[in-house]
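Structure first, then comments.
The values are calculated or read from the model by the stated rules, or taken from the named source; none is laboratory data. For clarity, every value in this text was computed on a predicted model and none was experimentally measured. Here the Cβ positions follow ideal geometry from the backbone for every residue, glycine too, while neighbour counts run over all protein chains shown.
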Amino acid sequence: MKRNIIIVLLSVFGLLMSCTKDKVQATNCGGADEVSFAATIWPMIEQNCNGCHGSGAGGYTFDEYDKIENNASVILDAMRANGGVQLMPIGGPALDDSLINAFEVWICQGKMNN
Ligand code: HEC
């Protein structure tokens, strides 16, 4: 009897631990390193998008942090041609997955101006 109680307690403890672990990973954005706006996000947008969006192509200007931050989700959709948003850079090819993933992690980490 005593043994059963211990087994039940251990299972409950195990369940609680697995939930906590999931939560930590979610806020941790899959355990990714911190993505820097200055070192990664800005150069990526500047080099691949601002030939056109530095001056408002299609009504979108990404010439400063605030505008990138405000448009982050449509930018991510455009880089993956998700949700009916046209693939960008226009006409393709799409950016490297590693860059697109870094942009997604940057959003997940709170779109820091770091
Ligand atoms: C060669 C020029 C050019 C480049 C480079 C370019 N764009 Fe665009 N983009 C356009 C034009 C033109 C439009 C408007 C297209 C239209 O209305 O059909 C547009 C539209 C968009 C839109 C709106 C799309 C929609 O379906 O509503 C987004 C978001 C966007 N661009 C993001 C980006 C991002 C992010 C990059 C870089 C990864 C990028 N663009 C690179 C020219 C460009």
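Quick notes on this structure:
- Being more than 17 Å from Phe103 (Cβ to Cβ), β-branched (Val, Ile, Thr), surrounded by 10 or more Cβ atoms within 10 Å (Cβ to Cβ) and at pLDDT 95 or above is true of Thr61.
- The residues on offer are Gln47, Gln109, and the sole one that is surrounded by 15 or more Cβ atoms within 10 Å (Cβ to Cβ), out of contact with any helix residue (DSSP H, G or I) (no Cβ under 7 Å at 6 or more places or on another chain) and either modelled with pLDDT of 95 or more or of a type in the set (D, E, K, R) (or both) is Gln109.
- Summed over segment 82-106, residues that are in a helix (DSSP H, G or I) and farther than 17 Å from Phe37 by Cα total 1.
- Check on Met79, of a type in the set (A, V, I, L, M, F, W, C), buried (at least 16 other Cβ atoms within 10 Å of the Cβ) and over 23 Å from Gly30 (Cα atoms): no
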